[in-house]
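One structure is given below, encoded as structure tokens.
The values are calculated or read from the model by the stated rules, or taken from the named source; none is laboratory data. Bear in mind the structure is a predicted one, so any value in this text is a computation, not a measurement. With ideal geometry, Cβ positions are generated from the backbone for all residues, glycine too; neighbour counts draw on all protein chains shown. Protein only, heavy atoms only, side chains kept; ligands, DNA and RNA dropped before computing areas. Shrake-Rupley method; radii C 1.70, N 1.55, O 1.52, S 1.80 Å.
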Amino acid sequence: MNANALTRLAVDFAMTALMVALMAYQVVGGVAHEILGTLVGVLFIVHAVLNRHWFAHFFSGRATPMRVLQNFVILLVLLDAVTIMVTGVMISGTVFAFLDITRGVGVARSLHLAASYWGMVLMSVHIGLHWSMVMGMTRAVFGVKGHRGASAWLSRLTAAALAVCGARAFGRVDAWGFLTLRSQFAFFDETQSDLAVLFSYFSIMALFIFLSHYAGKGLQAFPTSRKDAAR
């Protein structure tokens, strides 16, 4: 594997891990949240630069249902990331406090919270739609062969179990309320351990990775033209 691909994989894994930490605000605290958020912003820019070929070939190639969905999700991720970064700077009390922004902070705080949950969902969907590629790159890095037989089914069952945990966590943290702007204030469950909080958001991401991965497989099963249907 070339250095560019290895760097892309490392950046992607780092962004995913940091996303879980950022969502668990009650675990990391306000100052660390801002520092880690700034780091994710930098990694996001690095990710965009490393994958700049996507922008160059946006209008080229066959417009299959899968490719259209992947591109649409990427555009939503870009829009959401800009919203998170701008609102994050506006409400910052540490890293960007020197900017002394006071106007629109209330609206920015609500948008930042909603955009963060949307970012978690959209980033997970993006990963799920590219899961085969991610796993292929991971196996190439660590020299692991593809799972077959019992090990393959064990992996699928583990993924399904994580998805079930994610569905329960999705309701427990009222994620839908934040996604729809109905909930504009975060309330922390002090009865949960730090590890349980981190696992909740990890499992929510796993849920959307799982759903989008198999939705993508379903899309790829459909013929994209009469010529394909005749094969």
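If you check Leu78, Leu18, Leu111, Leu43, which single one turns out to be over 14 Å from the mean Cα position of the chain (by Cα), in a helix (DSSP H, G or I), among the aliphatic types (A, V, I, L, M) and surrounded by 12 or more Cβ atoms within 10 Å (Cβ to Cβ)? Lay out the reasoning, then the answer.
Working: Leu78 fails: over 14 Å from the mean Cα position of the chain (by Cα); Leu18 fails: over 14 Å from the mean Cα position of the chain (by Cα); Leu43 fails: over 14 Å from the mean Cα position of the chain (by Cα).
So the residue among Leu78, Leu18, Leu111, Leu43 that is over 14 Å from the mean Cα position of the chain (by Cα), in a helix (DSSP H, G or I), among the aliphatic types (A, V, I, L, M) and surrounded by 12 or more Cβ atoms within 10 Å (Cβ to Cβ) is Leu111.
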Checked against (1) in contact (Cβ under 8 Å) with a residue 40 or more places away in the chain; (2) in contact with a Phe, Trp or Tyr (Cβ under 8 Å, 6 or more places away or on another chain); (3) not aliphatic (A, V, I, L, M), Thr94 satisfies every condition except (2)
Selection within the stretch 21-40 - over 14 Å from the mean Cα position of the chain (by Cα) and free of Cβ contacts under 8 Å to residues at least 40 places away in the same chain:
Val28, Gly29, Ala32, His33, Leu36, Leu39
Scan the stretch 114-149 residue by residue and report those that are free of Cβ contacts under 8 Å to residues at least 40 places away in the same chain and part of a loop (DSSP other than H, G, I, E, B).
Gly143, Val144, Lys145, Gly146, His147, Arg148, Gly149
Being under 10 Å from Leu219 (Cβ atoms) and among the aliphatic types (A, V, I, L, M) is the filter; apply it to the stretch 63-78 and report the residue that is modelled with the highest pLDDT.
Leu69
Matching residues, the stretch 120-179, being under 16 Å from Phe13 (Cβ atoms) and among the basic types (Lys, Arg):
Arg139
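Might you let me know whether the stretch 119-132 holds any residue that is open to solvent by 50 Å² or more (accessible area, probe 1.4 Å), farther than 17 Å from Ala17 by Cβ and modelled with pLDDT of 95 or more?
Keep residues of the stretch 119-132 that are open to solvent by 50 Å² or more (accessible area, probe 1.4 Å), which gives 131-132.
Adding the requirement that they be farther than 17 Å from Ala17 by Cβ leaves 132.
Pick out the ones that are also modelled with pLDDT of 95 or more and you get none.
Looking for residues that are open to solvent by 50 Å² or more (accessible area, probe 1.4 Å), farther than 17 Å from Ala17 by Cβ and modelled with pLDDT of 95 or more, one finds none in the stretch 119-132, hence no.
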When every residue in the stretch 170-210 that is surrounded by 13 or more Cβ atoms within 10 Å (Cβ to Cβ), among the polar types (S, T, N, Q) and out of contact with any Cys (no Cβ under 6 Å at 6 or more places or on another chain) is compared, the one modelled with the lowest pLDDT is Gln184
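Among the residues of the stretch 57-67, is any in contact with a Gly (Cβ under 9 Å, 6 or more places away or on another chain) and open to solvent by 40 Å² or more (accessible area, probe 1.4 Å)? First the steps, then the outcome.
Filtering the stretch 57-67 down to residues in contact with a Gly (Cβ under 9 Å, 6 or more places away or on another chain) leaves 66-67.
Adding the requirement that they be open to solvent by 40 Å² or more (accessible area, probe 1.4 Å) leaves 67.
Yes.
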Which residues, taken from the stretch 1-30, are β-branched (Val, Ile, Thr) and either within 20 Å of Tyr201 (Cα to Cα) or in contact with a Pro (Cβ under 6 Å, 6 or more places away or on another chain) (or both)?
Val11, Thr16, Val20, Val27, Val28
Among the listed residues Thr87, Thr83, which satisfies the condition of being farther than 29 Å from Gly216 by Cα, of a type in the set (Ser, Thr, Tyr) and either assigned to a helix (DSSP H, G or I) or open to solvent by 30 Å² or more (accessible area, probe 1.4 Å) (or both)?
Thr87
How about the stretch 97-108: which of its residues are in contact (Cβ under 8 Å) with a residue 12 or more places away in the chain, of a type outside the set (Val, Ile, Thr) and outside any helix (DSSP H, G or I)?
Gly104
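Provide a single number: the residues in the stretch 72-87 that are of a type outside the set (Gly, Ala, Ser) and under 12 Å from Leu122 (Cα atoms). Explain how you work it out, then say what you get.
Start the filter on the stretch 72-87 by keeping residues that are of a type outside the set (Gly, Ala, Ser), which leaves 72-80, 82-87.
Next cut, under 12 Å from Leu122 (Cα atoms) only: 72-80.
Here the count works out to 9.
Taking the stated definitions as given, is Phe98 aromatic (Phe, Trp, Tyr) and either farther than 30 Å from Lys217 by Cα or buried (at least 18 other Cβ atoms within 10 Å of the Cβ) (or both)?
On the way: aromatic (Phe, Trp, Tyr): yes; either farther than 30 Å from Lys217 by Cα or buried (at least 18 other Cβ atoms within 10 Å of the Cβ) (or both): yes.
Judged against the criteria, Phe98 is a match.
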